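The block underneath contains the structure these notes are about, expressed in structure tokens.
The values are calculated or read from the model by the stated rules, or taken from the named source; none is laboratory data. These numbers come from a predicted model, not from an experiment. All Cβ positions, glycine included, derive from the backbone under ideal geometry; neighbour counts span all protein chains shown. The accessibility values were calculated without ligands, DNA or RNA, using every heavy atom of the protein model including side chains. Shrake-Rupley method; radii C 1.70, N 1.55, O 1.52, S 1.80 Å.
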Amino acid sequence: MRHTVLTAFLSLFTLSIAASCAFAQPAGPEAPAPTPRTPLAGLEYDAPFFPGARYDERIPTPESLLGFPIGKRAATNAEIERCLKAWAETSGRAQLVEYAVSHEGRSLWYLVISAPRNIGQIEEIRSGLAKIADPRTTTGAEAERLARSLPAVAWMAYTIHGSELSGSDAALAAAYHLIAAENDDEVRRMLDELVIIFDPVMNPDGRDRNIKQIREHRSAAPTVDDQSLLHAGYWPGGRTNHYLFDLNRDWIFAVHPETRGRIRAVNEWNPVLFVDAHEMGSQDTFLFSPSREPLNIHLPEHRMHWWKTFAKDHAAAFDAQGWRYYTGEWADEWYPGYSSSWAALKGAVGILYEQASIGDQAVRRPEGTLLTYRRSVHQQLVSTMANLRTLLEHREALMLEFLNERRAAVSADGPYAQRVFAMAPSANETRDRDFVDLMLLQGFEVHRAGRSFTADATDRLGRAVEGREFPEGTILIPNRQPEAHLVAAMLDFDPRMTPEFLQKERRELLRTGESELYDITAWSLMMMHDVQGYTLQMASLPAGAEKITQTTPVRGGLERADATVGFIFDGADDRSVAAAARLMERGVQVRVADKAFTFDEDSFSRGSVLVALDDNSNFEGDLVGAVREVAEMVGLGALGVSAGLGDMVESPDMGGRHFILLEKPRIALLARGRVNMYSYGAAWHMIDNRLGARASHIDIDRLGGVDLRRYNVLVMPEIWGGAPDDAALGALRDWVRSGGTLIAIGASAAALAGEEPGLSAVRLLPDVLDDLEEYELAIIREWLGRDGSVDLDAVWGQSAPTQTPLPWERLESLPGEDDLKRRDAWQRIFSPQGSIVAARVDDRHWLTAGLGDYVPALAQGSIALMSKPPAQTPVRFGFAIEGQGDQATHTETDKGAMERLRIGWAPPAPDGHDLRLRMSGLLWPEAAQRLANTAYLTRERVGAGQVILFATDPVFRGGSMGTGRIFSNAVIYGPGMGASHPIRP
Ligand SMILES: [Zn+2]
């Protein structure tokens, strides 16, 4: 046997030498020796994509451009780009547009395909479509004529999750067919009546990362086990973009260039069909829209009708091939930041595909068959063509409906005619500006109040405010505008799910413990950005409001450069933190004020950043130049001051203890292993992209072996499956005690909040049910610490008092431990999927600089952090507002005394106050009771260092700017503000 194989092998070798000699070529580069392949039946799938099609020979075929037939393997981004460029060059049916460049420098393209006559007048078509999209710009008859006659636009988008490969290859096959097919009636009609835009790779960085992983794990013997790394990939996989963001959640936050470029592009085209092609588990089949409940309440009325219309044709196309598929079993359209829901809110039929994922070659299925990569491409292709066919069939009806929806959106009798969203200007100017930029990017109409006005409003806590005065400069976004549905979906403070869905969700939670919800339930952009948002009940804008089309460009710079004492960046603005980081990077000594102050006539907020000349006498180089450069770079003005004397009552003076010297942060961020890539990516993006600070990324599995002394801040993003191992914990403990600032997020915070890790005195609620009085007392003390009322008679009375009031005396008593355990387990069933909750802010803590008196925070999951002194709790869930005190109801006991009712385990809000909790999204009453008064943010000293815990991710999707500010403060100010560092002799 052995001999035979060897002989066969040798003769193969001889043959190849002979072949190369025959062409008298020099010896080529050394290639791997051929490995005998294990035969595997079913690896070949050669069903033709377009049987019988004839193609224009002047258009290069995909095979000639790729070097392999479509579907043999996933094409790389560069290979796809080569095809798009070649086709745009050789065909009169195609036009190629570059719409963005990814973080890693890859171009994003869309290919416009239509009849040459349409391509020749593409600008006219686009401006005609724009008139339909804003019916105010033309007459009713003209708009109708345009809707009946113009081609409809289909936006066909693939692989927003870079590891979901097959869609991009299908896009190539479909594009080539549409560009090159000859004598095909259907193609001719499509080209005449449609403009088909292929956006083949929405996430090129992710796609190439995934293809690299596949190459690394490709064996000579084909691997068809989907658990193998070849198909499963490894951390972080290719799903996400460079900063590991899920771009299919980024549409409403628009943090990344891929999304921002695409939003601009889609807004120029007004598609009526928007396909978003994904992949799912390898053992699955194929899923397409309609999605299941809940549907966003702002979706245009007839979406379900159209989803069903498209689905019927789609299903028939699969039935013709004998392929299995399903609809509506998972994936919802509640969250407006998915591609399909975002597009649907703009008036397109947004359709989701989910194809069973094959990394390479094929995957073995439970029935024993092989599902090949080429077939997965074929399924995406058949889906693509089926949807285009349906669009062709219903072009006119869809165009007229798009027009009618837009007419209703701008009508005085429309559903959104009585509402205007308002943002009152704040001292956090760059954040306000970022918010307005986001609104403009989305294509919303934005106005600015030219003078002050009064209006009846509802604030973010749901309070009606009558006749509030809004200052000049207030930003106004009328809901009545062409994009009314998307405006409402992004800004509505409190959209509510249908009673039917709520009943279903509760039934499922109780029966199975599983939620029907696929994503977060709240995202209201004015809450996520934490801007001063209001909903105004008004039909028209106040007099003097001007439409704005761009924000004032970012202008930093230095005023009063000849100041004698120092330079200040105001702490109200988020960019002051970035300024501090960049100054320290340049070796400038920086202080931060933990109190608001006034020098001369100029007032500055808590958290303001001071560069004192006196501190920087050692600075080598041009200090004023460095301050100016940083001010320009971060886009925030710095002001020179020539007096360090406060007003001698409230304002501190410059030389006192309220101006704390910062220590340059040397940041480590944990990665890989069990680290949640989204949490890591969001922290990385904040540190790198917004703060401009340097950070080392450390493999969590090597934590015990690295020299942590190089760092003074360590960020631990969310991790799965409990605390790090003992070696890592030991290293962390030593490092924190010697002066490190450890910041742990969500599940990591929960993993450290226990006795065992020995790093924190914070605990989880289920672990302290026998000790709740202690935590309750901490809350009471915090409330009273803010109130400060004094009983003067008692204080100045001269007899020894027989009684002093004990604030917990009137509280109803806590149930026994067994009851508490049962209650906690029950309430945990209803843990939030992601709702926005008001959290009160300790306005004297350095971590909360830049925040108001409460911050909208994301509540997600079952983590309930319990803290008491000496641990500090700068932010807690629940914000007390003046009110009837309806939660602090009193109850008659058998003793006849009036008892005050608790909120869950905690005391009620102070007398005359209500505790506000839910701001937006689904928060079951059971979950609200459990969450109220638990800690969102804790900070405690451990040795010479400190531990800072966040209950949930403060930089969620790069969009939660309010809590994001706390994270920035922690990372950049932590080493100076909360830890001690030796003077270096
Ligand atoms: Zn996906």
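Here are some notes:
- Near pairs, Cβ below 6 angstrom, 6+ apart or cross-chain, from segment 164-190 (away from the ligand (no atom under 16 Å from the Cβ)) to any residue that is small (G, A, S): I179/S91; I179/A94; A181/A53; V187/A181
- Test for R575: is it more than 27 Å from D842 (Cα to Cα), at pLDDT 95 or above and not assigned by TED's automatic domain parsing to the domain that holds H529: no
- Inside segment 357-396, residues that are crowded, with 21+ Cβ neighbours inside 10 Å, among the β-branched types (V, I, T) and part of a helix (DSSP H, G or I) make up a count of 3.
- Check on R148, over 30 Å from G281 (Cα atoms) and away from the ligand (no atom under 16 Å from the Cβ): yes
- Here the condition is being of a type in the set (S, T, N, Q), touching a Pro at 6+ places or on another chain (Cβ under 9 Å) and away from the ligand (no atom under 16 Å from the Cβ); of T90, T138, it holds for T90 alone.
- Residue satisfying all of: in segment 117-152; open to solvent by 50 Å² or more (accessible area, probe 1.4 Å) and hydroxyl-bearing (S, T, Y); nearest to the chain's Cα centre (by Cα) among these: S127
- Hey, A825 hydrophobic (A, V, I, L, M, F, W, C) and crowded, with 17+ Cβ neighbours inside 10 Å or not: no
- Residues of segment 429-454 that turn out to be over 26 Å from S339 (Cβ atoms) and surrounded by 21 or more Cβ atoms within 10 Å (Cβ to Cβ), as a count: 4
- Enumeration of residues in segment 271-326 that are surrounded by 15 or more Cβ atoms within 10 Å (Cβ to Cβ), of a type in the set (G, A, S) and within 16 Å of the ligand (Cβ to nearest atom): A277, S282, S289, S291
- Qualifying residue in segment 591-598 (condition: over 22 Å from A424 (Cβ atoms), small (G, A, S) and touching a residue at least 60 places away in the same chain (Cβ under 8 Å)): yes
- Residues located in segment 718-758, provided they are under 24 Å from S980 (Cα atoms) and not in a helix (DSSP H, G or I): S738, G739, G740, T741, L742, I743, A744, I745, A753, P757, G758
- Selection status of F453, in contact with a Ser or Thr (Cβ under 9 Å, 6 or more places away or on another chain), more than 17 Å from T551 (Cβ to Cβ) and not assigned by TED's automatic domain parsing to the domain that holds L299: yes
- Entry remark, segment 258-299: residues being among the basic types (K, R) and more than 21 Å from the chain's Cα centre (by Cα) number 1 in total.
- Of the residues screened, L486 is one that is at pLDDT 95 or above, open to solvent by less than 20 Å² (accessible area, probe 1.4 Å) and farther than 18 Å from R431 by Cβ.
- Whenever a residue of segment 277-298 is without any contact (Cβ under 8 Å) to a residue 40 or more places away in the chain and over 24 Å from A408 (Cβ atoms), it has no partner that is within 14 Å of the ligand (Cβ to nearest atom) and open to solvent by 20 Å² or more (accessible area, probe 1.4 Å) lying with C-beta atoms less than 6 angstrom away and at least six residues away or across chains.
- 2 or more residues buried (at least 20 other Cβ atoms within 10 Å of the Cβ): qualifying strands (runs of 3 or more DSSP E) within segment 893-957: 913-916, 918-920, 935-942, 945-950
- Looking across segment 209-248, the residues that are in a loop (DSSP other than H, G, I, E, B), within 16 Å of the ligand (Cβ to nearest atom) and farther than 22 Å from K72 by Cβ come down to P236, G237, R239, T240, N241, L244, F245, D246.
- For segment 251-270, a tally of residues being in contact with a Ser or Thr (Cβ under 8 Å, 6 or more places away or on another chain) and surrounded by fewer than 18 Cβ atoms within 10 Å (Cβ to Cβ) returns 1.
- Among the residues of segment 801-856, those identified as of a type in the set (A, V, I, L, M), in a loop (DSSP other than H, G, I, E, B) and more than 20 Å from W523 (Cα to Cα) are L806, L814, I829, A849.
- Residue within segment 401-419 that is in a strand (DSSP E or B) and on the phi < 0 side of the Ramachandran plot present: yes
- Residue ID - nearest to L108 (Cα to Cα), chosen from residues in segment 204-217 that are in contact with a helix residue (DSSP H, G or I) (Cβ under 7 Å, 6 or more places away or on another chain) and surrounded by fewer than 23 Cβ atoms within 10 Å (Cβ to Cβ): D208
- Residue check for R666: surrounded by fewer than 22 Cβ atoms within 10 Å (Cβ to Cβ), at pLDDT 95 or above and farther than 18 Å from E585 by Cα: no
- Selection within segment 153-203: residues that are charged (D, E, K, R), closer than 20 Å to S91 by Cα and touching a strand residue (DSSP E or B) at 6+ places or on another chain (Cβ under 6 Å). The member of this set that is least open to solvent (accessible area, probe 1.4 Å) is D199.
- Look at segment 77-100: where a residue is of a type in the set (D, E) and a partner is in a strand (DSSP E or B), sitting 6+ places away or on another chain with Cβ atoms under 6 Å, you get E98/S107; E98/W109.
- Selection from segment 65-100 of residues that are assigned to a loop (DSSP other than H, G, I, E, B) and charged (D, E, K, R): K72, R73, R93
- Test: residue in segment 300-317 that is small (G, A, S) and under 24 Å from the mean Cα position of the chain (by Cα): no
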